[in-house]
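Would you mind keeping the following structure in view while I ask a few things?
The values are calculated or read from the model by the stated rules, or taken from the named source; none is laboratory data. As the structure is a computational prediction, the values presented were derived from the model and not from experiment. Because the Cβ atoms are built from the backbone with ideal geometry, glycine has one as well, and the counts that use them run over all protein chains shown. Note: accessible area is taken over every heavy atom of the protein model, side chains too, but ligands, DNA and RNA are not part of it. Shrake-Rupley method; radii C 1.70, N 1.55, O 1.52, S 1.80 Å.
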Amino acid sequence: MGSLLLPIIVLGGMMFFMTRTQKKQQKQRQELLNSMHPGDNVVTIGGLYGVISEVNTDKGTITLDCEGIFLEFERGAIKTVIPSSTVTEAPIEEEVVEVIEEEATNEKDAE
């Protein structure tokens, strides 16, 4: 009886920690979906990148603007949300290249 008790306790502990982790992940996912606002950049589970143009909480859908094409998705189809306040475009660095006119100097040397 005592040898059967230890595996049951270990199995029960594993089940407790697995369900606890799963509930924590579900809570984070729900917070992510609830934090979506128009203007946020998102990635769908299919890999489509877009900007949220409308959130319809009654139907549980969002409308994405994908470069001028408006698509309607269920909220659960969103994989990643990037809030619009954290989205910053990298400054465009212009590379200045100096061209040395070797031909002009070669012509002067040849004369």
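Whenever you get a sec, compute what percent of the accessible area on the range 8-79 sits on carbon and sulfur atoms (1.4 Å probe).
Details: 3070 of 5240 Å².
That share works out to 59 percent.
Next up: List the residues, sorted by chain then number, that are 5 or more residues from Asp40 or on another chain and whose placed amide H is less than 5 Å from its amide H.
Ile52, Ser84
May I pose another question? How much area per residue is accessible in the range 1-71 when the probe is 1.4 Å and only protein heavy atoms are counted (Å²)? Could the numbers behind the result be given before it?
Working: 5450 Å² over 71 residues.
Heavy-atom accessible area per residue stands at 77 Å².
Please say if the range 1-53 is rounded, prolate or oblate, where rounded means a/c under 1.5 for a ≥ b ≥ c the square roots of the C-alpha gyration tensor eigenvalues, and otherwise the choice is prolate for a/b larger than b/c and oblate otherwise? Display every interim value, and only then the final one.
Details: a/c = 10.31, a/b = 3.93, b/c = 2.62.
Since a/c reaches 1.5 and a/b is larger than b/c, the shape of the range 1-53 is classed as prolate.
Using a Förster radius of 25 Å, what is the FRET efficiency between Leu71 and Lys23 based on their Cβ-Cβ separation? Nearest 0.05, please.
Working: r = 31 Å, r/R0 = 1.26.
Computed FRET efficiency for Leu71 and Lys23 comes out at 0.20.
Between Ser53 and Glu31, 0.36 nm times their residue separation minus their Cα-Cα distance comes to what?
Numbers: separation 22, 0.36 × 22 = 7.92 nm, distance 1.92 nm.
So the extension gain works out to 6.0 nm.
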